[in-house]
Amino acid sequence: MAEQLDTLEPLDNARPDAAPYDALLLLSFGGPEGPDDVVPFLENVTRGRGIPKERLKEVGQHYFLFGGVSPINDQNRALLGALRADFAAVGLDLPVYWGNRNWAPYLTDTLREMVLDGRRRVAVLATSAYASYSGCRQYRENLADALAALEAEGLPLPRVDKLRHYYNHPGFIGPMVDGVLAALADLPEELRAGARLAFTTHSIPDAAADASGPLWEHGEGGAYVKQHLDAARVIAEAVREETGAEHPWRLVYQSRSGAPHIPWLEPDICDHLEELHGAGAPAVVMVPIGFVSDHMEVLYDLDTEATAKAAELGLPVRRSATVGAEPRFAAAVRDLVLERAATERGTVAERCALGALGPSHDLCPIGCCPARTERPAAAGADSPYA
């Protein structure tokens, strides 16, 4: 396991070749960068749902607690810098751009810039590691919307290829393992061996989870739950190997935002903390396995709400770090680009993956993570754009 986690060399470190790609697009969610941005940002996120502005102000309170600033944009700037530095260090001449779904820099503006710069074949890294509608297909729908806008402007359209899910890539798993080990080490020594691990990810409706991934993976929890469970097992096993202690763990959920009558994935992290406290757990490490960086849903839902709940219970708790702009993650992105490039050139490429599920598909098949209302989606088998 340790050797696998340390193996992060690119496919050909001496002569990295990204052809046919001439650019990488970092595609993210976006977030407000000041108090005046909060409501317009939330209007973008909820467009078409008819939510009143007053309700959006209520929803935005957790942003206002932090000055109306989400950390996600700065974190993406850091990742952008890490990717450029990593590419330059190995001589990979591939420009990296950044666009968001819901805030500046907007995806359509970035794609327009790329086209005007002469980019015609674009690899896309979404800041979501797992299969789900909101974590994959919705990004593909946004790409289709952006391409349609460029087409309406009479601009040449680039081909966009979304890189595969990377939840089980060693460059994602390794930093997560180290984050858990650091969090355990930060606990009082007498509590470490008995500490529980609570792997957290975004709750989504049960129906969306059941339909996540390709058709053959649909069922209870779908690919979304399976992928998280597999990654959690790998991390927990690596932690056991390092510490010599068995840390009981569970996959739990956070950040629910839907109507109360619609079933969403459970248990919630705060409910789980109460359960662990009642069972006599000495301490808990919260592991935000579902998130690439320490953005608002980590900063507020875990560092604020869940930590407050733990304090109320008298339960010692720590939160492990996300991968963020960690160098191994930047190297993993490079690996994903070179792997996909080799495949597109028709050559065999090693596909790094840990755990039982193996590497994910490159091209989302028809029926993968379906939307409630059918919309065009790029970078898949059902894409209207070649």
Legend entry - the chain: calculated mean residue ellipticity at 222 nm from DSSP helix runs of at least 4, using -39500 (n - 2.57): -12000 deg cm²/dmol
Legend entry - For the range 4-155, convex hull volume per residue from C-alpha positions, Å³: 149
Legend entry - Inter-part distance where the range 136-175 and the range 90-107 are each reduced to a Cα centre, Å: 11
Legend entry - Point-charge dipole on Cβ atoms (K/R +1, D/E -1) for the chain, about Cα centre, debye to 20: 800
Inset, instruction - Hey, can you grab everything whose amide H is under 5 Å from the amide H of Thr200? Only 5+ residues off in sequence or another chain; H modelled, so Pro and N-termini drop out. - result: Val252, Val287, Ile289, Gly290
Inset, instruction - Quantify, in whole percent, the carbon and sulfur part of the accessible surface of the chain (1.4 Å probe; protein heavy atoms only). - result: 51
Inset, instruction - Compute the FRET efficiency between Asp186 and Phe64 as 1/(1 + (r/R0)^6), taking r as their Cβ-Cβ distance and R0 = 35 Å, and round to the nearest 0.05. - result: 0.75
Legend entry - Size of charge dipole - the range 240-386 - debye, nearest 20, with Cβ of Lys, Arg +1 and Asp, Glu -1, no other charges: 360
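The values are calculated or read from the model by the stated rules, or taken from the named source; none is laboratory data. For clarity, every value in this text was computed on a predicted model and none was experimentally measured. Methodologically, a virtual Cβ is constructed for each residue, glycine included, from the backbone with ideal geometry; neighbour enumeration extends over all protein chains shown. Side chains are part of the model used for accessible areas, which takes the heavy atoms of the whole protein and leaves out ligands, DNA and RNA. Shrake-Rupley method; radii C 1.70, N 1.55, O 1.52, S 1.80 Å.
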